[in-house]
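First up is the structure itself, then whatever we jot down about it.
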Amino acid sequence: RMEVCEKAGVKDKPNFLTISNLHLSQNLSLNWSQTRKFKGFCRAAGIKYDSEKTERKVRQEIVNSNIFTSVDIPLWHKDASSSKSIRKHQVIQRLTPAVYVKDLKSLVTERMNLYEEEGKLCFENVPDNEFYLKFGGDAGGGSTKFCLHILNVKHPNAKQNVFVIGCFNGKDFHPNMYEFMAHLDDGLKDLESMTWKGRKARLFLMGDYAY
């Protein structure tokens with residue numbers, strides 16, 4: 001590319017927009033470290049990027065704009081000095097940061113429209129008036145995550161098709177689940193009653209025994 005530009009007399013380096021790079025990183029499921037390596041390769045080919053600080057700021061603005069809500073909720077955590085116990089763990093209750101998607105119906109509508117534009121939707125063995133969603137999650141790595149899948153794609157469990165719609169730091173103890181689910185309840189009810197282009201949503205639940 002550099003040789004072609006040189007022969008063509010092109011001296012200005014093209015600038016890759018921050019928002020475009022964020023979309024690219026998301027679609028390729030790149031973390032920040034992988035994105036740095038990718039940008040380094042592209043810079044060697046003469047492409048300019050904004051700083052990572054700028055990208056992180058723009059990303060945070062997008063998150064804060066209309067997608068996620070953050071709350072502090074009382075959750076139970078392991079504490080060896082406590083006299084109370086859950087699942088044979090000594091625990092103590094404290095306010096804990098948690099986040100969740102504000103509008104699940106809009107999220108699903110947006111993704112269904114995008115999948116349709118990209119030709120990724122498939123409705124084999126699905127009634128003509130339905131589409132399928134799956135909700136659930138699991139605890140691991142010190143946090144409990146809640147996920148939503150649109151099942152009418154070829155690989156619904158691929159990481160690019162799994163949407164984390166809620167998360168808190170802590171174990172999936174029943175009282176914690178009960179407390180957090182109160183914030184997702186209205187959104188899930190909206191999914192159960194939503195329609196997309198004449199198809200009614202059917203919501204399935206998933207999770208291990210503890211979940």
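Quick one: which of Lys39/Lys159; Lys154/Lys189; Lys102/Lys145; Lys134/Lys159; Lys57/Lys145; Lys120/Lys197 span more than 18 angstrom between C-alpha atoms? Can you show the working numbers first?
Values: Lys39/Lys159 22 Å; Lys154/Lys189 26 Å; Lys102/Lys145 15 Å; Lys134/Lys159 14 Å; Lys57/Lys145 24 Å; Lys120/Lys197 16 Å.
In this structure, Lys39/Lys159; Lys154/Lys189; Lys57/Lys145 exceed 18 Å between Cα atoms.
What 222 nm value per residue comes from the helices of the chain, counting each DSSP H run with n ≥ 4 as -39,500 (n - 2.57) and dividing by all residues, nearest 500 deg cm²/dmol? Let's see the in-between values first.
Numbers: 6 runs with 79 residues, N = 211.
Mean residue ellipticity, 222 nm, calculated: -12000 deg cm²/dmol.
Quick one: which of 109-122, 167-180 comes out on top by average Cβ neighbours within 10 Å, and what's the full order, highest first?
Details: 109-122: 13.4, 167-180: 18.6.
With the highest mean Cβ count within 10 Å placed first, the list reads 167-180, 109-122.
Can you pull a Stokes-Einstein diffusion coefficient for the stretch 91-211 at 10 °C (1.306 mPa s), Rh from Kirkwood over Cα pairs, as a whole number of µm²/s? Intermediate results must be reported in sequence, preceding the final value.
Numbers: Rh = 15.3 Å.
D = 104 µm²/s.
Treating only the Cβ of Lys, Arg, Asp and Glu as charged (+1, +1, -1, -1), what charge dipole size does the chain show about its Cα centre? Round to the nearest 20 debye. Walk me through the numbers on the way to the answer.
Working: 32 positive and 25 negative charges, 160 e Å.
In debye, rounded to 20, the chain gives about 760.
As an exercise, take the mean of 1/r over every pair of distinct alpha carbons in the stretch 127-178, invert it, and state the Kirkwood radius in angstroms. Before the final figure, lay out the partial values.
Numbers: mean 1/r = 0.0814 Å⁻¹.
Here the Kirkwood hydrodynamic radius works out to 12.3 Å.
Ignoring ligands, DNA and RNA, what percent of the accessible area of the chain is carbon or sulfur (1.4 Å)?
Values: 7050 of 13520 Å².
After summing per-atom areas, the C and S share lands at 52 percent.
For the stretch 132-211, with only Lys/Arg (+1) and Asp/Glu (-1) charged at the beta-carbon, what is the dipole magnitude about the Cα centre, in debye rounded to 20? Don't skip to the answer; put the middle values down first.
Details: 10 positive and 8 negative charges, 110 e Å.
Around 520 debye, computed over the stretch 132-211.
Over the chain, with the other protein chains present, what is the accessible area per residue in square angstrom, probe 1.4 angstrom? The partial results should precede the final answer.
Details: 13520 Å² over 211 residues.
Value returned for the chain: 64 Å² of accessible area per residue.
Of the options Phe180, Thr144, Met112, report the single residue whose Cα projects farthest towards the positive end of the charge dipole of the chain (beta-carbon charges: Lys, Arg +1; Asp, Glu -1).
Going by the charge dipole, the pick is Thr144.
Enter the mean projected area of the convex hull around the alpha-carbon atoms of the chain, in nm², rounded to one decimal. Provide the component values of the computation, followed by the final result.
Values: hull surface 63.1 nm².
So the Cα hull casts an average projection of 15.8 nm².
The values are calculated or read from the model by the stated rules, or taken from the named source; none is laboratory data. Since the model is a prediction, treat every value here as computed from it, not as a measurement. Cβ sites come from the backbone with ideal geometry, for glycine too, and all protein chains shown count toward neighbours. In case anyone asks, the SASA skips ligands and DNA or RNA and just uses the protein heavy atoms, side chains included. Shrake-Rupley method; radii C 1.70, N 1.55, O 1.52, S 1.80 Å.
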